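Notes for the one structure printed next.
The values are calculated or read from the model by the stated rules, or taken from the named source; none is laboratory data. Everything numeric in this text was worked out from a predicted model, so none of it was measured. Here Cβ is always computed from backbone atoms with ideal geometry, including for glycine, and neighbour counts include all displayed protein chains.
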Amino acid sequence: MPAFSLDPPQTAWCAELRTLAAERLRPLAEKGEPGHVNRALVAELGQLGLLERLFTSGAVDLCLMRESLAYACTEAETALALQGLGAHPVHAHGTPAQRDRWLPRVAEGTAIAAFALSEPAAGSDAAALELRAEAGLEEGPAEGLEEVPGEGLVTDPLPVESAPAAEPDGTARWRLTGEKCWISNAPEADFYTVFARTTPGAGARGVTAFLVPADRPGLGGTSLDMLSPHPIGALTFDAVPVTADDVLGEIDRGFRVAMGTLNLFRPSVGAFAVGMARAALDATLAHTAERDAFGGKLKDLQTVAHQVAEMALRTEAARLMVYAAATAYDEGAEDVPKRAAMAKLLATETAQYIVDQAVQLHGARALRRGHLLEHLYCEVRAPRVYEGASEVQRGIIAKELYAGREAAQ
């Protein structure tokens, strides 16, 4: 794979994104309520055409957007990323009716999307999820549902006997019962990509993805107060009705939908982390160049200069791995899961180190409320946990390495 470098149009676009984030998006972010969806900010992302690019561009462009926005406005970056994460399964696996109904509104910033995979007892071990999709056949629309023009997804015979027959008019029904937790944009999203167990005891092979509008009867939720100021909540499903027209992909093959989405977004989580690391590094360069200490500038102390050099080295290494993974995704390489895991792992762990060292070199001023580094310190911790914790990424890397060795023998 060729070494990654930005061409002049990409460099100019990134500079433009940083300016837009600072001048148009950050003021809207500052007016938002922490822990809640900022619809004005999302609408502005749509007005700028950035949300539409989630569906028309590749992984490299996604990473460029997330890194550039994160540098100047982490709230804008997160709002864009959550729209993409929640809506990508619809874009990649939805029926024409599902895509026509939701994707234009997501691109405009008028509909909020969410990706509902994690549960109270199934976070890192996503295949252990327990939200039940209990089968049952009814005639006519399920209670509380409106008919949506379109055709059902699954018309071929199913390999799993416990799955109900899926008819083109959506008369196959399930009732979703259980909980989801740590769901971004919940409970304020307009629709959710929900992963539920359709075949008990089948692990990852018995999970189905559903598109669930927020107004379905029996669907409720609460907000969670988290360290980072993102909109995150828990969802409750009390016999929420879904039909064959709500299935994304194939019955009992929903884990593929989840993993395909994560393989795309994990490198871009790394790009988010790199954007924060670069912001912390630039702030440190400015501070150490101007701060008087011990008869000179802080940068004149060898221990400080070497620390700044180490920060720059690690940031650039993480950045290169992120874009190598994104390029591999866009080129359809076979080792995308390994590269995506490596990119997320290295970049998020690196960003944690960079921000922490930046705080150390700034001293007490970085601990004050409202300081850039105080904000980044709160933001940088979560990416090491969500979309697969660092330990999960190491497990994926090891699994892929051993699988490659076995295949080569």
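Find the residue count for region 70-86, including only residues that are in contact (Cβ under 8 Å) with a residue 40 or more places away in the chain, under 17 Å from ASN185 (Cβ atoms) and among the hydrophobic types (A, V, I, L, M, F, W, C).
Residues meeting the conditions: 5.
Among LEU235, LEU264, which is closer than 24 Å to ALA347 by Cα and outside the structural domain of VAL60 (by TED's automatic domain parsing)?
Sole residue among the options that is closer than 24 Å to ALA347 by Cα and outside the structural domain of VAL60 (by TED's automatic domain parsing): LEU264.
Return the residues of region 217-242 that are of a type outside the set (A, V, I, L, M, F, W, C) and in contact with an Asp or Glu (Cβ under 9 Å, 6 or more places away or on another chain); say none if nothing qualifies. Talk me through it step by step, then tell me what you get.
Let us first name the residues in region 217-242 that are of a type outside the set (A, V, I, L, M, F, W, C), namely 217-218, 220-223, 225, 228-231, 233, 236, 238, 241.
Of everything in region 217-242, those that are of a type outside the set (A, V, I, L, M, F, W, C) and in contact with an Asp or Glu (Cβ under 9 Å, 6 or more places away or on another chain) turn out to be PRO217, GLY218, GLY220, GLY221, SER223, SER228, PRO229, HIS230, PRO231, GLY233, THR236, PRO241.
Being crowded, with 22+ Cβ neighbours inside 10 Å, part of a strand (DSSP E or B) and of a type in the set (A, V, I, L, M, F, W, C) is the filter here; which residues of region 233-269 pass it?
Those that are crowded, with 22+ Cβ neighbours inside 10 Å, part of a strand (DSSP E or B) and of a type in the set (A, V, I, L, M, F, W, C): LEU235, PHE237, VAL240, VAL242, VAL247, LEU248.
Collect the residues in region 16-33 that are at pLDDT below 95 and either of a type in the set (Gly, Ala, Ser) or surrounded by 13 or more Cβ atoms within 10 Å (Cβ to Cβ) (or both), keeping them in residue-number order.
Selection gives GLY32 alone.
Can you tell me how many residues in region 361-371 are surrounded by fewer than 16 Cβ atoms within 10 Å (Cβ to Cβ) and either in contact (Cβ under 8 Å) with a residue 60 or more places away in the chain or in a helix (DSSP H, G or I) (or both)?
Selection size over region 361-371: 4.
Just one of the numbered conditions (1) of a type in the set (A, V, I, L, M); (2) closer than 28 Å to ASP300 by Cα; (3) free of Cβ contacts under 8 Å to residues at least 12 places away in the same chain is not true of ALA358; which one?
Every condition holds for ALA358 apart from (3).
Residues are listed down the side, and each one gets a yes or a no for (1) at pLDDT below 95; (2) farther than 27 Å from GLN98 by Cβ; (3) of a type in the set (A, V, I, L, M):
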| residue | (1), (2), (3) |
| --- | --- |
| ARG256 | yes, no, no |
| LEU264 | yes, no, yes |
| THR284 | no, yes, no |
| THR288 | no, yes, no |
| ARG291 | yes, yes, no |
| PHE294 | yes, yes, no |
| LYS344 | no, yes, no |
| TYR353 | no, yes, no |
| ALA358 | no, yes, yes |
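For ARG105, indicate whether it is in contact with a helix residue (DSSP H, G or I) (Cβ under 6 Å, 6 or more places away or on another chain), basic (Lys, Arg) and modelled with pLDDT of 95 or more.
Spelling it out, it is not the case that ARG105 is in contact with a helix residue (DSSP H, G or I) (Cβ under 6 Å, 6 or more places away or on another chain), basic (Lys, Arg) and modelled with pLDDT of 95 or more.
For the condition over 20 Å from HIS375 (Cα atoms), of a type in the set (D, E, K, R) and out of contact with any Lys or Arg (no Cβ under 9 Å at 6 or more places or on another chain), what is the one hit in ARG319, ARG314?
Details: ARG319 fails: out of contact with any Lys or Arg (no Cβ under 9 Å at 6 or more places or on another chain).
When all the criteria are applied, what remains is ARG314.
Testing ALA343 on (1) closer than 27 Å to LEU262 by Cα; (2) in contact with a His (Cβ under 9 Å, 6 or more places away or on another chain), one condition comes back false. Which one is that?
(2)
Filtering region 181-198 down to residues that are assigned to a loop (DSSP other than H, G, I, E, B) and surrounded by 20 or more Cβ atoms within 10 Å (Cβ to Cβ), which residue is farthest from the chain's Cα centre (by Cα)?
Among them, the one singled out is THR198.
Hey, among ALA340, ALA279, ALA333, which residue is in contact (Cβ under 8 Å) with a residue 12 or more places away in the chain, over 20 Å from the mean Cα position of the chain (by Cα) and buried (at least 22 other Cβ atoms within 10 Å of the Cβ)?
Just one listed residue meets the conditions, ALA279.
Might you check whether a residue that is free of Cβ contacts under 8 Å to residues at least 60 places away in the same chain, touching a Leu at 6+ places or on another chain (Cβ under 7 Å) and of a type outside the set (A, V, I, L, M, F, W, C) occurs anywhere in region 42-59?
For region 42-59, residues free of Cβ contacts under 8 Å to residues at least 60 places away in the same chain, touching a Leu at 6+ places or on another chain (Cβ under 7 Å) and of a type outside the set (A, V, I, L, M, F, W, C): absent.
Of the residues ALA22, ALA72, ALA29, ALA15, which is touching an Asp or Glu at 6+ places or on another chain (Cβ under 8 Å) and of a type in the set (A, V, I, L, M, F, W, C)?
Among ALA22, ALA72, ALA29, ALA15, only ALA29 is touching an Asp or Glu at 6+ places or on another chain (Cβ under 8 Å) and of a type in the set (A, V, I, L, M, F, W, C).
Among the candidates VAL37, VAL60, VAL42, single out the residue that is buried (at least 21 other Cβ atoms within 10 Å of the Cβ), more than 19 Å from PRO229 (Cα to Cα) and outside the structural domain of HIS230 (by TED's automatic domain parsing). Break it down into steps so the answer makes sense when it comes.
Working: VAL37 fails: more than 19 Å from PRO229 (Cα to Cα); VAL42 fails: more than 19 Å from PRO229 (Cα to Cα).
Testing whether each residue is buried (at least 21 other Cβ atoms within 10 Å of the Cβ), more than 19 Å from PRO229 (Cα to Cα) and outside the structural domain of HIS230 (by TED's automatic domain parsing) leaves just VAL60.
Give the residue that is nearest to the chain's Cα centre (by Cα), with candidates limited to residues of region 103-131 that are part of a helix (DSSP H, G or I) and under 26 Å from GLY206 (Cα atoms).
Selected residue: ALA126.
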